[in-house]
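Written below as structure tokens is the structure these notes are about.
None of the figures in this text is laboratory data; all of them are computed from the coordinates on show. Computed from a predicted model, the values in this text were never measured in an experiment. Here the Cβ positions follow ideal geometry from the backbone for every residue, glycine too, while neighbour counts run over all protein chains shown.
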Amino acid sequence: MSSRHHDIADDLRHQITTGRIKPGERLPSEASLADRYKVSTVTLRSALAALQGEGFVEKIHGKGNFVRRPLRKIMYVGGWGTLDPWTAAEAALRVTVRSTTVQAVGQLTTLLNVPTGSLLAEFICVSHEGEAPHGLARIYIPRDLGPAGLLDDASSCREEVTRFAVLGPPPATVRETVCARPPTPDEASILRTSSTAVVLAITRVATDSTGRVVEAALLVFPGDRVDAVFTTHHVTDERQTQG
């Protein structure tokens, strides 16, 4: 026989898929559901955890459990081009930005090739569709490369930053390292995803013609909310063209 929490998950899943419980609707409190199904709150939470893992339910801290709205996928466009890397010109998303100055430590010293303690402009960007988060970016730029007012709320530079654009000429090279992994607790909280879900993590490093790193970005997207597109271009070997 299936365990009780499986039965509860099956019943709630059926109510969601048949429209009895609507997308965006708040579920009754865990105590109320436990009383309805005549089970302990531990058993009830196991059922909700299963539905959260399947993407039917999301738990919003301090508010409760909600039926998850169907999320459209966004597209991350790799490399450096005219398409918006957040969304490939998807206008429905809004991006919130927090900025500050930080000192380079640990991984940042390696990515930006700077001494420990170097000043960096940090931008933490979160994209949303409605209330649903779609992506998280932590963008770092050497502080001396940024114009005056770079971190001001009214800065004209902020629009560029939210689109992962270096504040200046296009870089000579962009290197992106992509991996799939579980989210950190902080990422799971910001992106409202399960700690057991898979996220697409992209580490992006841009350099100028002198080889100096001008931007490092740590990008994280829930695996079920994004497609990543990378286009490669054939580079002709000069020795072949001269032969």
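Side notes on the structure shown:
- When peptides 128-135, 171-178 are ranked by their average number of other Cβ atoms within 10 Å per residue, the highest-first order is 128-135, 171-178.
- Calculated FRET value between ARG98 and SER40, using beta carbons and R₀ = 51 Å, to 0.05: 0.80
- Applied to segment 203-220, the Karplus parametrisation 6.51 cos²θ - 1.76 cosθ + 1.60 on θ = phi - 60° returns per-residue 3J(HN,Hα) values of 9, 10, 10, 10, 10, 8, 5, 8, x, 6, 6, 10, 7, 10, 10, 10, 10, 9 Hz, with x for Gly and Pro.
- Using θ = phi - 60° and Karplus 6.51 cos²θ - 1.76 cosθ + 1.60, couplings along segment 48-57 (whole Hz; Gly, Pro as x): 5, 4, 5, 5, 5, x, 8, x, 7, 10
- 3J(HN,Hα) along segment 173-182: 9, 10, 10, 10, 10, 10, 8, 10, 7, x Hz, from the Karplus curve 6.51 cos²θ - 1.76 cosθ + 1.60 with θ = phi - 60°, whole Hz, x for Gly and Pro.
- Other-chain or far-sequence residues with amide H under 5 Å of ARG68's (modelled H): GLY24, VAL57, GLU58
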